[in-house]
Each structure stands twice: as C-alpha cells, then as structure tokens.
Amino acid sequence: MTQVLKLRSFMLILILGLFVQNTQSQVINIPDKSKAHFAQKYPNAKKVDWSNNVTSYVAKFKVNNNTHKSYYHMDGTWDYSVMYMLESQLPAAVKESVAKSRIASWKPKSAAHVENNNGEHTYRVERQKGLEKKYIFFDQNGKEVKAMYKL
C-alpha cells in the first residue's frame, strides 16, 4: 500500500515539475507590428521585458531610469503608454489640482504620465482610502478629465 502511494506521489511530482518547466519556457510571440512600433517610438529603451495576457501585450522598460509600460492590442496596434513618476514630479498645475481634489487626503499610491493612441497626454494619480482605490486623470493644465475606480 505504501509503495503505491509513494509511486503515485512521485508520478504527481514528476508531472507537475514537467508542467512548470514547460510553462516557464514558453516564448511570447510578439506581433511584428508591435515590435516595429516599439523600436521606433522608444529607440533608447533599456531592460525591455514583454509579457502578454488574454487581451494585450505589454512591454515594461526603462528610459533614462524611468519605468515605462506600453500596451498593445492583440493585433499588434499600440494602445497607450505609461511613464511612472513621483507625485512631486507632476506639473505644478496638476499638483495644485490634486491638492484641492476630493482625494487630496487619501494615501498616495502612484503617479504617471499617460499617452494614448488618440494623441492625448494626461497625468494619472492613484490614491487609496481603506480598500477604495481611485485613478484621477488630469490634463497638463490641471483640469480633471476622467476618474475611475481601480480594482
């Protein structure tokens, strides 16, 4: 009886080990369209790491020590890019608007410059109060253009 259990345990561990090894060695097939756009838009990108999920491809990279992420649709077209920054690096008008906003007293989580495929440039501020997280987007003049809850 114990020999059978040991054999089953060994087989299960072997199968799981092969599965984990196989998933770690999978190659992400980034569309040529995405790679070409990325190379043109970010010629100075360093430490580029591509990943994908069900709905998009994501390139995480550095430019001048700033962390960026670029998102691409599954067909390879660029959607938007995010450059992370400290809130202290936001334009003065945006910082002033954040200080006067309904989330001014919430705990700061992140700040970023966001550029999308429509040519829009916004600044995104993420704040948290308890379990509630919210993104607020501002234009360069500090005008709020969008707000959304973050899950």
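Could you list all residues from the range 50-73 that are surrounded by fewer than 17 Cβ atoms within 10 Å (Cβ to Cβ) and hydroxyl-bearing (Ser, Thr, Tyr)?
Those that are surrounded by fewer than 17 Cβ atoms within 10 Å (Cβ to Cβ) and hydroxyl-bearing (Ser, Thr, Tyr): Ser51, Thr55, Ser56, Thr67.
Within the range 54-85, which residues are among the charged types (D, E, K, R) and in a strand (DSSP E or B)? So that I can check it myself, show each step before the final result.
Keep residues of the range 54-85 that are among the charged types (D, E, K, R), which gives 60, 62, 69, 75, 79.
Of everything in the range 54-85, those that are among the charged types (D, E, K, R) and in a strand (DSSP E or B) turn out to be Lys60, Lys62, Lys69, Asp79.
Do you know which residues across the range 100-140 are within 26 Å of Tyr42 (Cα to Cα) and not in a strand (DSSP E or B)?
Answer for the range 100-140, where residues must be within 26 Å of Tyr42 (Cα to Cα) and not in a strand (DSSP E or B): Asn117, Asn118, Gly119, Glu120, Asp139, Gln140.
Does Tyr57 meet the test of being in contact with a helix residue (DSSP H, G or I) (Cβ under 9 Å, 6 or more places away or on another chain) and over 16 Å from Lys41 (Cβ atoms)?
Details: in contact with a helix residue (DSSP H, G or I) (Cβ under 9 Å, 6 or more places away or on another chain): yes; over 16 Å from Lys41 (Cβ atoms): no.
For Tyr57, the condition - in contact with a helix residue (DSSP H, G or I) (Cβ under 9 Å, 6 or more places away or on another chain) and over 16 Å from Lys41 (Cβ atoms) - is not met.
Going by the conditions given, is Thr77 open to solvent by less than 30 Å² (accessible area, probe 1.4 Å), under 26 Å from Val54 (Cβ atoms) and either without any contact (Cβ under 8 Å) to a residue 12 or more places away in the chain or of a type outside the set (A, V, I, L, M) (or both)? Before the answer, list the steps.
Numbers: open to solvent by less than 30 Å² (accessible area, probe 1.4 Å): no; under 26 Å from Val54 (Cβ atoms): yes; either without any contact (Cβ under 8 Å) to a residue 12 or more places away in the chain or of a type outside the set (A, V, I, L, M) (or both): yes.
It is false that Thr77 is open to solvent by less than 30 Å² (accessible area, probe 1.4 Å), under 26 Å from Val54 (Cβ atoms) and either without any contact (Cβ under 8 Å) to a residue 12 or more places away in the chain or of a type outside the set (A, V, I, L, M) (or both).
Give me a count of the residues in the range 111-136 that are among the acidic types (Asp, Glu) and without any contact (Cβ under 8 Å) to a residue 12 or more places away in the chain. Give the steps one after another, and end with the answer.
At the first step, the residues of the range 111-136 found to be among the acidic types (Asp, Glu) are 115, 120, 126, 132.
From the residues that got through so far, the ones that are without any contact (Cβ under 8 Å) to a residue 12 or more places away in the chain too are 120.
Residues in the range 111-136 being among the acidic types (Asp, Glu) and without any contact (Cβ under 8 Å) to a residue 12 or more places away in the chain: 1 in total.
So if I check each of Ser97, Ser88, which one is without any contact (Cβ under 8 Å) to a residue 24 or more places away in the chain, hydroxyl-bearing (Ser, Thr, Tyr) and part of a helix (DSSP H, G or I)?
Every option except Ser88 fails the conditions.
The values are calculated or read from the model by the stated rules, or taken from the named source; none is laboratory data. Remember, it's a predicted structure, so these values are computed and weren't measured experimentally. Virtual Cβ from ideal backbone geometry, glycine too; neighbours counted across all protein chains shown. Just so you know, the surface numbers come from the protein's heavy atoms only, side chains and all, with ligands and any DNA or RNA stripped out. Shrake-Rupley method; radii C 1.70, N 1.55, O 1.52, S 1.80 Å.
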